[in-house]
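What follows draws every value from the coordinates through simple rules; no lab data is involved. Keep in mind that what you see is a predicted model, and the values were worked out from it rather than measured. Because the Cβ atoms are built from the backbone with ideal geometry, glycine has one as well, and the counts that use them run over all protein chains shown.
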Amino acid sequence: MTDSQNQQLTTRWATMDDLPAFKAVMQLAIDTLQADVLTPEQVVASHAVMGLDTQLIRDGTYLIAERDGEIAGCGGWSNRATLFGGDHSTDLRNPELLDPARDPAKIRAMYTAPAHVRQGVGRLILKTCEEAAAAAGFTSVEMMATLAGERLYAVAGYRAVERVEVMAGEVSLPLVRMRKAF
């Protein structure tokens, strides 16, 4: 990544008005970036368990990274028990508040627009979310990573603690629970 690319990236906390724009980014990221690690059936099925939980926006913990007015990526952190899943995956959601003294904050719904991968977007979002979670008193964070994101998170200091298969209808999706202490 060049210095000019890094300087052009800006971040801000999302509002509900941003939903249409970053839903398009999510759709494209899921369909494009997972194609190298999942079968076509798994990519399609992953939409059932991935997506945005709008509670993150209401909590003020969902971040957008922009470059030249275009959404380059998005992601958030949460002080709630939900580990992953969007508004449509209600069986995965748990709005219970976490205790920073004992629970890790959750890193959630990380997506990079395909045109912006490997340009520091994911790292910037991740770092900003980690800093916000630490400022809220958390001493660690965890996430449920896709295989496509696992490398980025490992480089950022996360370690795999559990490999799981989640069912989306009749299709099994591999995911990795990852954790990082501050």
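Remarks
- Relative packing of 102-108, 117-123, which averages over residues the other C-beta atoms within 10 Å, highest first: 102-108, 117-123
- Segment 103-182, dipole about Cα centre (Lys/Arg Cβ +1, Asp/Glu Cβ -1), debye to the nearest 20: 280 debye
- Each peptide among 22-34, 87-99, 141-153 gets the average number of other Cβ atoms lying within 10 Å of its residues, and from highest to lowest they stand as 141-153, 22-34, 87-99.
- Relative contact order for segment 3-181: 22 percent, from Cα pairs under 8 Å spaced at least 6 residues apart, divided by residue count.
- For segment 46-63 versus segment 129-182, the gap between their alpha-carbon centres in whole angstrom: 15 Å
- The orientation-averaged projected area of the convex hull spanned by the Cα atoms of the chain comes to 9.8 nm².
- Local electrostatic count at T82 - Lys and Arg +1, Asp and Glu -1, tallied over other residues with Cβ under 9 Å: +2
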